[in-house]
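Written out below as structure tokens is the structure these notes cover.
The values are calculated or read from the model by the stated rules, or taken from the named source; none is laboratory data. Everything numeric in this text was worked out from a predicted model, so none of it was measured. A quick note on method: Cβ atoms are made from the backbone with ideal geometry, for glycine too, and the neighbour counts reach across all protein chains shown. For the accessible areas, the whole protein counts, side chains as well, though only heavy atoms, and no ligand, DNA or RNA atoms are used. Shrake-Rupley method; radii C 1.70, N 1.55, O 1.52, S 1.80 Å.
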Amino acid sequence: MQPWIRLTRSAITLVIAFSFITTLLVQPSRTFNAAAASRDPVRARRGMVASTSRIASQVGVDVMKRGGNAIDAAIAVAFALAVTYPAAGNLGGGGFMMIRMRNGKTVAIDYREMAPAAAHRNVYLDKDGNLLKGEGSSTVGYRASGVPGTVAGMELALKSYGSGKLTWSQLVEPARRLAAEGFPMGNILVRSLRGNDYLSRYPETRRIFLRNGNFYNDGELFRQPELAATFARLQRSGPKEFYQGLTARLIVEDMKRHNGLITMEDMGAYVAKEREPLRGSYRGYEILSMPPPSSGGAVLLEMLNILEGYDLAKYDSASSDRYHLTVEAMRRAFADRAEYMGDADFVKVPVTGLIDKAYADNLRKTIRPDRASTSVEVTAGRPTGYESEETTHFTVVDAQGNAVANTYTLNDSFGSGVVAKGTGIVMNNEMDDFAAKPGTANLYGLIQGERNAVAPRKRPLSAMTPTFVLRKDGSLWFTTGTPGGPTIINTVLQVITNVIDYNMNIQQAIDAPRIHHQWLPDEVAWEPYGLSGDTQQALTNRQHKLVTRPRYMGDAQGIMIEEKTGVRLGATDPRRSDGLAVGY
Ligand code: DON
């Protein structure tokens, strides 16, 4: 044997032996699954934006390079997404923005849609008390929309937390330009247009999103002149234009022509609100997330509290043991969601009890290690103190350390399917997030209760969960969130436990396969290729009912701050190909 071959061989043997020993001694083997499949996060020293649209991420970075802070950047990204990702990015919808300033002050901006005054408990029921279907229902057409909150939300965020270095008009400008000049259509946008049945139903929508009745193809330039004109009006006259000016009138006139619910009074009465974030902890790390009218923060914290009582790290990240316990936590927290949650401005929501650690201790006692519970036996607990498909998440961290986690939506893909004539604005179908008929499933199969019944000016319950996780010294560790209807909360849960229990970096934590259980229907959904046959069998043996999802779950975005260097690590979900983390 040639000496160099012998040398190489011994070197290889040494390397293998060394990595084997370090594996045993230093690194738990559980981290390997994800690492094998994940690219490195994007690294940047100053600012970072992670969003589902690479064009929008770049818009945010450009704002920070011009001296804007993370909040300024987030506003520009939100407007840009309304152009480049019209299935969910919006002016005609609403959402939640979590803001953490560099000094640690953390707030939640609630710009969720509000029900029009004419909406009432039975507005989506026929005379026999059955849920209406099609036009007139909570899911499609002119009556499905709540009053949009996005413009008011961005205004509030800018006034209270913007750097003051860039004006409203400057932050709207990139979106106006993208709408006026157009941008090359990516495959995700083209696919979302091809996959949406409602789009050809409404002439204005068809005119804008189809090219003379035909589908667009990848790479074609897509211009939205009416939307550009709406942005230009917002630049000239400020955010109130949307609620009191020509834009409001155009929306309301179109509503009137088609028996919609929204009036000028409703538009004028819209208010975005600053709320206190929910605070909890998981294994000593503080978690800050969205309070009602989102269920996200409370359900997330309830599940984390239940899971904290188990040493999850001793199980493999993709093991049936981990999944079993996770599903049982999901089942219990979603049962509570159905019973207890709604807009806390209207109904009593026992949030403090739901996120109490002692309450989780009691729930944990009902979990058997060897067998699934059934959702029939698991009804809501008794917390103390009680008396498609499209949404999008993005996140920004700036050079100073201010951070934003923002999830906003039209609810379904392209919302109600309606574009308000003359505005280019796609309208939401957020009214379906109410329990249109309490006890009956909504678009996402979610059963919800009386507390989430429709009422005038009320906000529908949401699952959106923009979240910050802090290090034990109180500094920001990472931020994350995702779309996905009820799967949102479970995706955020799994990203957090992937990082904390399984030492994954932010990209690995986002890439790893996900599961979902929402109490009812009583089934564990899993992603294509997400569970090995052995794991499926082990879960079935414990009497879990498994269903494969035809599609992947969520589109998470995240930014983590590297502890020693402060470098921002950006990660987008590989489940959507157009996303990109961009930093500088
Ligand atoms: O607020 C909510 O919970 C829903 N409207 C979110 C919808 C959603 O995430 C759809 N996306 N995939």
Quick count over segment 293-330, residues being outside any helix (DSSP H, G or I) and either away from the ligand (no atom under 16 Å from the Cβ) or not assigned by TED's automatic domain parsing to the domain that holds S281 (or both), is 8
Picking from G417, G381, G401, the residue that is within 30 Å of S57 (Cβ to Cβ), in contact with a helix residue (DSSP H, G or I) (Cβ under 7 Å, 6 or more places away or on another chain) and assigned to a loop (DSSP other than H, G, I, E, B) would be G417
Exactly one of R112, R102 is closer than 29 Å to L278 by Cβ and open to solvent by 10 Å² or more (accessible area, probe 1.4 Å), and that one is R102
Matching residues in segment 488-527 (part of a loop (DSSP other than H, G, I, E, B) and open to solvent by 30 Å² or more (accessible area, probe 1.4 Å)) number 8
Item to complete: Take L443 and decide whether it is assigned to a loop (DSSP other than H, G, I, E, B) and within 16 Å of the ligand (Cβ to nearest atom).
Response: yes
query: Does any residue of segment 365-377 turn out to be more than 30 Å from S319 (Cα to Cα), in the same structural domain as I510 (by TED's automatic domain parsing), at pLDDT below 95 and not aromatic (F, W, Y)?
result: no
Flag for V140 being open to solvent by 10 Å² or more (accessible area, probe 1.4 Å) and either part of a loop (DSSP other than H, G, I, E, B) or not aliphatic (A, V, I, L, M) (or both):
no
Scanning segment 264-292 for residues that are assigned to a helix (DSSP H, G or I) and among the small types (G, A, S) gives G268, A269
Out of (1) in a strand (DSSP E or B); (2) within 16 Å of the ligand (Cβ to nearest atom), the one I99 does not meet is (2)
Restricting attention to segment 164-194, the residues that are over 12 Å from I75 (Cβ atoms) and aromatic (F, W, Y) number exactly 1
Scanning segment 115-133 for residues that are of a type in the set (G, A, S) and open to solvent by 30 Å² or more (accessible area, probe 1.4 Å), the one farthest from V271 (Cα to Cα) turns out to be A118
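Conditions tested, residue by residue: (1) buried (at least 23 other Cβ atoms within 10 Å of the Cβ); (2) closer than 19 Å to D433 by Cα.
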site: M303; (1), (2): yes, no
site: I306; (1), (2): yes, no
site: L312; (1), (2): no, no
site: A335; (1), (2): no, yes
site: T352; (1), (2): no, no
site: P369; (1), (2): no, no
site: S373; (1), (2): no, no
site: G381; (1), (2): no, no
The residue that is farthest from A117 (Cα to Cα), considering only those in segment 246-285 that are among the aromatic types (F, W, Y) and crowded, with 18+ Cβ neighbours inside 10 Å, is Y282
For segment 409-422, pairs from a residue that is at positive phi and open to solvent by 10 Å² or more (accessible area, probe 1.4 Å) to a residue that is among the hydrophobic types (A, V, I, L, M, F, W, C) and more than 10 Å from the ligand (Cβ to nearest atom), with Cβ under 6 Å and 6 or more apart or across chains, are G422/L250
In segment 446-488, residues that are closer than 30 Å to L569 by Cβ and within 16 Å of the ligand (Cβ to nearest atom) total 15
From the option list N214, N187, single residue qualifying as in the same structural domain as E135 (by TED's automatic domain parsing) and open to solvent by 70 Å² or more (accessible area, probe 1.4 Å) is N214
Given the conditions (1) touching a strand residue (DSSP E or B) at 6+ places or on another chain (Cβ under 6 Å); (2) open to solvent by 20 Å² or more (accessible area, probe 1.4 Å), every one holds for W168 apart from (1)
When you look at M431, is it at pLDDT 95 or above, within 11 Å of the ligand (Cβ to nearest atom) and assigned to a loop (DSSP other than H, G, I, E, B), yes or no?
-> no
Checklist line | Check on G342, open to solvent by less than 10 Å² (accessible area, probe 1.4 Å), at pLDDT 95 or above, closer than 16 Å to Q448 by Cα and small (G, A, S) | finding: yes
Taking segment 528-560 and the residues there that are away from the ligand (no atom under 16 Å from the Cβ) and either in a strand (DSSP E or B) or assigned by TED's automatic domain parsing to the domain that holds N442 (or both), the one that is most open to solvent (accessible area, probe 1.4 Å) would be T548
Q.
Any residue that is closer than 19 Å to G297 by Cβ, in contact with a His (Cβ under 8 Å, 6 or more places away or on another chain) and not assigned by TED's automatic domain parsing to the domain that holds Q543 - is there at least one of those in segment 385-405?
A. yes
